[in-house]
Amino acid sequence: MNIKTKEEKISNIEWLGQFLRAKTPNYEQAGSGGSDSTVAAWQIRCSAFAAIETDLAKALAGLYVWGFKDKAAYEFVLSHLAEIVIRAAKNKGQKPNVISLESLARLMARLVLDFEIEPALNDVFTSKGRLYYAGISAHQLTYDAYRKTWKDYESLMELAIVNAQWEINNAVSKYRKNCRLETALN
């Protein structure tokens, strides 16, 4: 299989992570794209990050590439998702009885984000187990209360993640296309 065909078949997130992880620190590796063929592949991937417009999408892309190791990106996305819950709950006039809204929102954001970064967690935890994983105990909020009142807020956070994923894919796809066009012109 020729290299160009193989490169086009990998997802944009996989492509973004190439040459940036600890397992592949080949700084001499030349990448495709750009007018200077000696530009290292990791530099091309870093430039692709710059093509992503919003801070949420950049942080999420960092989490997809480096996982939980990117603590600053994790904290940024977690705070952003928690703020979505806080705003929506305040607009509806809802607040939990035992735990503060801010604490619940952070725990819910942790739940959504961790299960997004590590999808295998979905196979391990039941719906009730997801709450315990996030640190929401039954004395703070029962499963039924969560399911009936707060579960909808998970959907809002998931929507924000889907929108950020769309932005990542579009920006990286456009960047890869421009790199291929530049390579073809040179």
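The table below lists the values:
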{"quantity": "Selected residue (only one of Ser127, Ser100, Ser173 is touching a helix residue (DSSP H, G or I) at 6+ places or on another chain (Cβ under 9 Å) and without any contact (Cβ under 8 Å) to a residue 40 or more places away in the chain)", "calculated": "Ser127"}
{"quantity": "Among the candidates Leu78, Leu107, Leu141, Leu101, residue that is closer than 23 Å to Leu16 by Cβ and of a type in the set (A, V, I, L, M)", "calculated": "Leu78"}
{"quantity": "Conditions (1) assigned to a helix (DSSP H, G or I); (2) under 27 Å from Gly17 (Cβ atoms); (3) without any contact (Cβ under 8 Å) to a residue 40 or more places away in the chain; number of the one not met by Glu182", "calculated": "(3)"}
{"quantity": "Unmet criterion (only one of (1) surrounded by 15 or more Cβ atoms within 10 Å (Cβ to Cβ); (2) farther than 26 Å from Phe68 by Cα; (3) not β-branched (Val, Ile, Thr)) for Arg130", "calculated": "(2)"}
{"quantity": "Only one of Ile13, Ile44, Ile52 that is among the β-branched types (Val, Ile, Thr), under 20 Å from Ala171 (Cα atoms), modelled with pLDDT of 75 or more and surrounded by 13 or more Cβ atoms within 10 Å (Cβ to Cβ)", "calculated": "Ile52"}
{"quantity": "Count - residues of segment 125-147 that are more than 25 Å from the chain's Cα centre (by Cα), part of a helix (DSSP H, G or I) and farther than 15 Å from Lys95 by Cβ", "calculated": "2"}
{"quantity": "Residues satisfying the stated conditions in segment 54-70, i.e. aromatic (Phe, Trp, Tyr) and more than 8 Å from the chain's Cα centre (by Cα)", "calculated": "Trp66, Phe68"}
{"quantity": "Among (1) in a helix (DSSP H, G or I); (2) under 21 Å from the mean Cα position of the chain (by Cα); (3) without any contact (Cβ under 8 Å) to a residue 12 or more places away in the chain - the single one Leu111 does not satisfy", "calculated": "(3)"}
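Rundown of residues vs (1) under 20 Å from the mean Cα position of the chain (by Cα); (2) at pLDDT 95 or above; (3) more than 23 Å from Gly17 (Cβ to Cβ), yes/no style:
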site	(1), (2), (3)
Ala120	yes, no, no
Trp150	no, no, yes
Leu156	yes, yes, yes
Leu159	yes, yes, yes
Ala171	yes, no, no
Lys174	yes, no, no
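Here's the yes/no breakdown for (1) buried (at least 18 other Cβ atoms within 10 Å of the Cβ); (2) among the small types (Gly, Ala, Ser); (3) modelled with pLDDT of 95 or more:
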site: Lys69; (1), (2), (3): no, no, no
site: Glu75; (1), (2), (3): no, no, yes
site: Ala82; (1), (2), (3): yes, yes, yes
site: Ala88; (1), (2), (3): no, yes, yes
site: Asn91; (1), (2), (3): no, no, yes
site: Lys95; (1), (2), (3): no, no, no
site: Val98; (1), (2), (3): no, no, no
site: Leu104; (1), (2), (3): yes, no, yes
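The values are calculated or read from the model by the stated rules, or taken from the named source; none is laboratory data. Note that the structure is a prediction, hence the values are computed from the model and not measured. We place every Cβ from the backbone using ideal geometry, glycine too, and count neighbours over all the protein chains shown.
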